[in-house]
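FYI, it's all coordinate maths here, none of it is from the lab. These numbers come from a predicted model, not from an experiment. For neighbour counting, all protein chains shown are included, and Cβ atoms are generated from backbone atoms with ideal geometry for every residue, glycine included.
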Amino acid sequence: MWEYSEKVQDYFYNPKNAGVMENASGIGDVGAISCGDALRLMIKVDPVTDVITDAKFQTFGCGSAIASSSALTELIIGKTIAEALTLTNQDIADFLGGLPPEKMHCSVMGYEALRAAVANYRGEAWEDDHEEGALVCKCFGVDEGMIERAVRNNGLTTLEQVTHFTKAGGSCATCIEGIEEVLAKTNAAMVVEGLLDASEAFDPHQALRPVRRPKTGKSPLAIKLEPVTKAKLTNLQRIRLIEEAIEGLRPFLRQDGGDCELVDVEGDRVLVKLSGACIGCQMASVTVNGVQERLIEKLGQPLRVIPV
Amino acid sequence: MRPVYLDNNATTRVDPAAVAAMLPFFTEQFGNASSMHAFGASVGGALKTARRQLQELLGAEHDHEIIYTSGGTESDNTAILSALETQGGRTEVITSVVEHPAILALCDWLEKHKSVTIHRIPVDAKGRLDVEAYRKALGPKTAIASIMWANNETGTLFPVERLAEMAHEAGALFHTDAVQAVGKLPIDLKSTEIDMLSLSGHKLHGPKGIGALYVRKGVRLRPLIRGGHQERGRRAGTENAPAIIGLGKAAELALAHMSDEQTRVKALRDRLEQGLLQRIGSSFVTGDSDHRLPNTANVAFEFIEGEAILLLLNRAGIAASSGSACTSGSLEPSHVLRAMKVPYTAAHGAIRFSFSRENGDEDVDRVLEVMPGIIANLRSLSPFWKDKGAAKAAPNAAFNPTYA
Ligand SMILES: Cc1ncc(COP(=O)(O)O)c(C=O)c1O
Ligand code: FES
């Protein structure tokens with residue numbers, strides 16, 4: 001049977017805010033019938049306060065798609081647009097008491113619909129990065145182009161690295177063969193272009209990677225990959241690294257009149273305090289995402305940065 | 001309220017009589033049939049009886065044409081891999097686009113890693129095989145053609161007897177995945193040219209994890225699993241005696257109920273199907289209504305998604321299954337319905353109801369009672385459905401996603 005939490009079941013059987021909204025301020029459509037799920041999110045926004053006063057949805061999709069859509073509306077009503085935009089798909093899943101790994105894409109759809117609806121409200125074109133090549137990882141909506149870019153930009157050579165950077169393969173794992181294919185293809189191209197040492201490239205015919213040669217420093221991987229290949233960090237080392245990374249970012253934030261301080265680290269949750277221009281501004285989510293990316297890069301581990 | 005189980009193509013309840021036949025072989029008669037003592041001997045006798053029971057259901061000429069395996073999947077894999085080895089110099093396999101993954105995933109792998117050429121024969125809108133394409137694909141390089149007897153999702157039947165003859169004209173072996181057909185249709189293998197046939201115990205009220213591969217006498221076989229000499233060296237490993245005995249009993253019962261399956265069960269299926277189409281608009285039957293299993297109905301409800309329907313059915317105590325593979329974590333609709341070019345708008349909302357001899361009229365009544373409400377409820381949530389189907393003409397015109 002479906003391993004849905006009580007809350008998912010409740011939001012599926014008795015969805016809140018389902019239906020059409022007349023005179024919506026913004027409408028976000030994502031998905032398509034051919035993909036198996038599609039969501040239309042309608043929001044009403046108070047033009048003075050920027051607060052989302054009402055939200056409705058229509059969903060074509062499975063139980064968790066309907067529940068995630070409904071959860072999204074509950075989460076955003078009463079929030080300002082800026083606040084709403086800091087929500088991640090994980091927040092939707094958390095609100096529902098978790099989603100089965102292979103259903104996480106349903107929460108991603110909610111996350112995207114909100115962005116599409118806000119863009120529509122602001123009269124902007126909403127662009128997403130779903131359009132390059134075939135969808136490889138369905139759980140996280142990662143397509144070939146996204147994997148290729150992550151591999152190229154960061155010199156990735158293993159499946160685990162690709163998962164850390166893109167999430168692809170981090171859930172049901174049915175897409176692993178596909179990811180390995182893209183990785184092998186991209187690495188091979190990088191070798192030809194002289195961007196990667198052939199001995200470092202991902203080799204699909206090797207069951208086990210041989211022990212790495214000492215780094216020559218010539219490979220573009222030498223610096224960036226370091227954290228990933230490091231031995232497991234102690235908690236203290238982890239916190240130090242996080243601290244260092246945040247310290248390194250502060251000068252940039254201060255330039256923009258903002259600031260960010262480390263408050264606490266709980267497992268993979270990094271709690272930070274944003275201040276100054278970072279608060280409430282549209283850039284808050286950008287800042288959080290930037291800090292998060294930087295930390296993941298430094299530690300080579302998945303992390304979530306949460307503003308408190 | 002008694003739950004309504006209409007997912008018998010997925011698996012069936014083990015018949016209590018089969019369970020009763022199995023039980024002594026877990027406890028009192030636990031011997032190994034190969035042993036040289038009395039413990040083994042009585043088991044050996046029971047296995048012989050079980051083999052005869054299955055032989056009779058299949059209409060096989062000899063009982064040693066049956067090789068017990070762990071199920072349909074193993075039988076399918078054994079048949080194809082063996083043919084590629086025994087048919088020297090022949091490196092092509094013919095199959096259909098609507099096979100079970102037990103065949104398709106193996107073929108994909110063979111194509112990718114073993115340089116085997118795979119011909120996947122298409123089907124038409126009713127799921128019928130393109131026999132002309134099949135004929136054209138057959139040739140001096142064909143090692144084996146493997147076409148299912150009945151499709152698990154729509155119940156559509158394939159003309160396997162004729163396809164076997166055609167394969168032989170080209171010197172190829174013919175295998176059929178009859179996992180869904182055995183027990184539901186009268187079968188008489190000795191009067192056909194079929195070389196190999198796969199079946200699975202749990203689809204005919206027998207236990208799970210047991211199945212068989214029928215291999216016509218004279219057809220060479222290379223074992224998939226090597227070891228001891230069980231099954232005449234064609235499938236090593238100590239016999240799963242209780243399961244084989246349970247499958248034997250299940251085969252006997254299936255034969256005894258064959259006419260019930262063809263008449264009463266079929267009538268239940270037809271009444272459900274007609275009733276659903278009458279009560280619910282924008283719905284239609286998929287598959288070849290004139291040539292299909294008596295127990296299977298596959299009905300597509302447009303503009304809604306299958307898993308959501310199943311969840312609501314489940315809450316009403318009804319078990320069915322979905323043509324949408326969403327339930328298995330993938331968002332692609334069933335490869336079978338896509339191969340039949342059923343539009344996405346409907347393929348995602350296809351529901352399979354599969355009956356067995358254990359179903360009755362009250363089961364049909366229950367589904368007919370709750371289904372219209374479930375469909376209406378989900379359609380009211382769907383962005384592709386405007387009041388009373390108004391969006392039907394151009395579902396995508398109204399819904400305008402930023403990406404697709
Ligand atoms: C047509 C078909 N072939 C093969 C199988 C697999 O059989 P088993 O579960 O015994 O491995 C199934 C069962 O789902 C089936 O429907
Ligand atoms: S498709 Fe599930 S982890 Fe990629």
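Here the 3J(HN,Hα) profile of the range B:53-60, calculated from phi with Karplus coefficients 6.51, -1.76 and 1.60 at θ = phi - 60°, is 4, 6, 4, 5, 4, 8, x, 7 Hz, Gly and Pro shown as x. Amide H to amide H distances under 5 Å link B:T156 with B:N151, B:D288, B:L293, where only residues 5 or more positions off or on other chains count and H is placed in the peptide plane.
Cβ-Cβ distance of B:T238 and B:K141, R₀ of 30 Å, FRET efficiency by 1/(1 + (r/R0)^6): the value works out to about 0.20. With a simple spin-label model that places each label point 7 Å from the Cα along the Cα-to-Cβ direction, the separation between B:K48 and A:D46 comes to 8.8 nm. Helical runs (DSSP H, four residues minimum) scored at -39500 (n - 2.57) apiece and divided by the length of the protein assembly as shown put the mean residue ellipticity at 222 nm at -12000 deg cm²/dmol.
Around the amide H of A:K16, modelled in the peptide plane, lies no amide H under 5 Å away from a residue 5 or more places distant or on another chain. Whole-Hz Karplus values for the range B:337-351 come out as 5, 5, 5, 8, 6, 5, x, 3, 4, 10, 4, 5, x, 7, 10 Hz, taken residue by residue from phi with 6.51 cos²θ - 1.76 cosθ + 1.60 and θ = phi - 60°; glycine and proline positions read x. Once the chain from A:R269 to A:E293 is taken as fully extended at 0.36 nm per residue, the excess over their C-alpha distance is 7.3 nm.
Arranged from fewest to most other beta-carbon atoms within 10 Å of their beta carbon, B:H62, B:H113, B:H119, B:H202 become B:H113, B:H62, B:H119, B:H202. Cβ crowding within 10 Å ranks A:C139, A:C62 as A:C139, A:C62, fewest other Cβ atoms first. Counting only other chain Cβ atoms within 10 Å of each residue's Cβ, the peptide B:343-356 averages 2.
Modelled spin-label separation between B:D124 and B:E85, with each label point placed 7 Å from Cα along the Cα-to-Cβ direction: 4.0 nm. A Förster radius of 35 Å, combined with the Cβ-Cβ distance separating B:N314 from B:V131, puts the computed FRET efficiency at roughly 0.35. Neighbours of A:N17, meaning other residues whose beta-carbon lies under 10 angstrom from its beta-carbon, give a summed charge of 0 when Lys and Arg score +1 and Asp and Glu score -1. Working from Cα positions, state the angle (0 to 90°, nearest 10) between the long axis of helix B:361-381 and the longest principal axis of chain B. Value to nearest ten degrees: 50.
Within 10 Å of each residue's Cβ, count the other Cβ atoms and sort A:T174, A:T166, B:T238, A:T157 from fewest upward.
Arranged by neighbour count, lowest to highest, A:T174, A:T166, B:T238, A:T157 become B:T238, A:T174, A:T166, A:T157.
To the nearest ten degrees, helix B:72-86 and the longest principal axis of the Cα atoms of chain B are 60 degrees apart. If R0 is taken as 30 Å, the Cβ-Cβ distance between A:T53 and B:N377 corresponds to a FRET efficiency of 0.65.
Charges at C-beta only: +1 for Lys and Arg, -1 for Asp and Glu. How large is the resulting dipole of the protein assembly as shown about its Cα centre, in Debye rounded to 20? Walk me through the intermediate numbers first.
Working: 75 positive and 89 negative charges, 244 e Å.
For this selection, approximately 1180 debye.
Shielding value for A:20-30 is 2, the average number of Cβ atoms from other chains within 10 Å of each residue's Cβ.
Which angle from 0 to 90°, rounded to the nearest 10, does the C-alpha axis of helix B:266-279 make with the longest principal axis of chain B? Roughly 20 degrees, rounded to the nearest 10. Taken residue by residue and averaged, Cβ atoms of other chains lying within 10 Å of the Cβ of A:60-73 number 5.
Residues of chain B were split at every exposed loop site, defined as chymotrypsin sites (Phe, Trp or Tyr not before Pro) in a DSSP loop with at most 15 other C-beta atoms within 10 angstrom, and the longest piece left, sites excluded, is B:31-404. For A:D37, the residues whose modelled amide H falls within less than 5 Å of its own, excluding neighbours fewer than 5 places apart on the same chain, are A:A32.
Give A:K16/A:K273; A:K167/B:K126; A:K138/B:K341 a once-over and call out the pairs whose C-alpha atoms are over 30 Å from each other. Exceeds cut-off: A:K16/A:K273; A:K167/B:K126. Rounded to whole Hz and in sequence order, give me ³J(HN,Hα) for the range A:36-53 from the Karplus expression 6.51 cos²θ - 1.76 cosθ + 1.60, θ = phi - 60°, writing x for Gly and Pro. For the range A:36-53, the Karplus-derived couplings read x, 8, 8, 9, 10, 10, 10, 10, 10, 10, 7, x, 7, 8, 6, 8, 7, 8 Hz, x marking Gly and Pro.
Restricting the calculation to Cα atoms, the protein assembly as shown shows an Rg/Rh of 1.02 when the hydrodynamic-style radius is the Kirkwood one.
For the options B:S70, B:S354, B:S380, a Gaussian network treatment of chain B with springs between C-alpha atoms closer than 10 Å singles out B:S380 as fluctuating the most.
Quick one: length gained pulling A:L233 to A:A134 fully straight, 0.36 nm per residue minus the C-alpha distance?
Taking A:L233 through A:A134 to full extension adds about 32.0 nm, to one decimal.
When +1 charges are put on Lys and Arg Cβ atoms and -1 charges on Asp and Glu Cβ atoms, the dipole computed for chain B relative to its Cα centre reaches about 420 debye.
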